[in-house]
Amino acid sequence: MSSTDDSYSMTSSLSSSLDQTPLSSLSAASSYASLVNCDETNFVHSESQHHYQPAQQQAQYFEKKMKKDSKYHSASESTNSTNKSNNGSNNTNKRSCFSTLQNRHVNKLCSLLENPIEIHGQGNFPTLNIVSKDFLIELRQAFHVNQIDIKDVRLNGGAASYVLTHDKSFSYSDIDFIFRCDLSSESTWTQIKTTVCECLARHISSTNSSTQLSFSPIIIQAAYVEKVVRVSNPSTNDSWALMSLCNVNGQNIELKFVDRLKRQFQFSVDSFQILLDPLLDHYEQISKYQQTSNKKQLYYNQYNYHSKQSYDHRSSKNNRYSSIHRLPSISVECVYGSFESALTHLNRRLIATTSPERICGGGLLKYCLLLTRGYRPYDNGIASWQLEKLMCSRFFIDYADISEQEYKLLAFLSSHFSNNDSAKYRYLLQLRLIIERSTVCLMAHERNLTLTLITQLATDYYYRLYDEYNNNYNLNGETTTAEVTVPNSITIDVIYHNEWDEWKTLHTPAKKSIQSQQEQEKQQQEQQQQQQDN
């Protein structure tokens, strides 16, 4: 029942209002009280002015006043309800998955997109220096020409975490870009691959102007694309594809085309997606403005305007330049859930996730990588031992064969550590420790095969470090390069079976002991020479 009906029922009979709801009766009583307290004086004052009014006019006067009061109370109730809803929305925004980048974050994002990245080609194909923002703008335009609907472009993974974190020592390997599009037909995916390869072919012609050869998309894909993945699984409702552009140092540009993806993150620290479309539109406006300004500058230089007119032109140009170069507001989405909690995990180096049984096999490798970088598990309802067991089980489900495990492990090491043998060695130690204590789904011989594989790889890297360490010492005991931390014992099994706190305190041999050994060897050689002379 509306507020007008409540007020009317109150004026007609007070007993009938008691049968209504408490809120409606309260609003009706308040309107009636205002009518009794305030309107009687007004009516008496009007009666003293007009000396007489008929009963019908009095009834009309009361009805008008009741309507005004009912409108006022309904408006006040609506404002109270909107205030409550606004307060509720503010509370939910604190736990929202969306946020806006601050100025320092936008500056980091711009520097990341403006830095050139080398894309290495196989054989005689040249190395391409690609600026991410220019390449993304070129791809968007090419997709629009080929009538491929791209909903938005996003920065994902470690690069997005690098933009948001306060940690200055944070490092990322790949630069992941997400293109949300429709992949319902295979012809669309074929056209997307062709478009990407055509854009790469244009960069080849721009780097080598002398070569005017035209390469087919198949040749370009074989030369510059390290891996191509296409996933279409109706049971899990997944439909996405990936093209990874090769970089020898491990900093690949990964173009991910997503139609449907059930799980978009592994851990909360990598669950940020920065929407790049406003920034790319901003870069396009700047390029168009620079082109038009260059044309106008040529026009003014050609016709030799007076100094005052040219000064007016420069001042107006500077005003437009300052207005067009204002950076837009850029949104970021946290697919983990709460943006604030995920950002806290990132800045405090905490490992948190949801539904760990749905993480793919590579989640175990990423988990061990975070442990070697100083992250620690965060108990958000899932204990660390339970998390490790689930990830180990999923790893051996996805990579059941020992050859698949070796290929995946070598690819992970090359893409995340490049040529850092010391980091690879520490990572393998951590991985073997987790697999040894948390694997419960394998037979003993299968588990031993995996542990033996990791042991052999770690032993190879250990002897490389040991040789480099010995070769870096001069006769005086001074090193020419940075010292490498290697353990004293070469018994790898003993090191592996120890806990993290025990084998983390690895140290280099003391320089004094090495100098004393060298002095003893010299003394022995001198004594042998004296004996031969005698």
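The values are calculated or read from the model by the stated rules, or taken from the named source; none is laboratory data. Keep in mind that this is a model prediction, so the values were computed, not measured. A quick note on method: Cβ atoms are made from the backbone with ideal geometry, for glycine too, and the neighbour counts reach across all protein chains shown.
Which members of region 257-293 meet the condition of being in a loop (DSSP other than H, G, I, E, B) and of a type in the set (A, V, I, L, M)?
Here is the first cut: in region 257-293, the residues in a loop (DSSP other than H, G, I, E, B) are 261-267, 271, 276.
Listed by number, the residues that qualify are L261, L276.
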When region 396-414 is checked residue by residue, the ones that are polar (S, T, N, Q) and surrounded by fewer than 19 Cβ atoms within 10 Å (Cβ to Cβ) are S403, S414
Residue check, R437 against (1) surrounded by fewer than 18 Cβ atoms within 10 Å (Cβ to Cβ); (2) touching a Ser or Thr at 6+ places or on another chain (Cβ under 9 Å); (3) at pLDDT 90 or above, all met but one. Which one? (2)
In region 399-434, what residues are over 25 Å from the mean Cα position of the chain (by Cα) and farther than 25 Å from Y469 by Cβ? Y399, A400, D401, I402, S403, E404, Q405, E406, Y407, I434
Looking only at region 360-395, count every residue that is touching a Lys or Arg at 6+ places or on another chain (Cβ under 6 Å) and free of Cβ contacts under 8 Å to residues at least 40 places away in the same chain and tell me the total. 1
Got a number for residues in region 340-359 being in contact (Cβ under 8 Å) with a residue 40 or more places away in the chain and more than 19 Å from C97 (Cα to Cα)? 3
Which condition from (1) farther than 30 Å from I175 by Cβ; (2) surrounded by 15 or more Cβ atoms within 10 Å (Cβ to Cβ) is the one that I454 breaks? (1)
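Could you tell me whether R320 is part of a helix (DSSP H, G or I), among the basic types (K, R), at pLDDT below 95 and not assigned by the TED database to the domain that holds L390?
Values: part of a helix (DSSP H, G or I): yes; among the basic types (K, R): yes; at pLDDT below 95: yes; not assigned by the TED database to the domain that holds L390: yes.
Yes.
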Quick one: count up the residues across region 237-262 that are under 23 Å from K133 (Cα atoms) and more than 20 Å from the chain's Cα centre (by Cα). 4
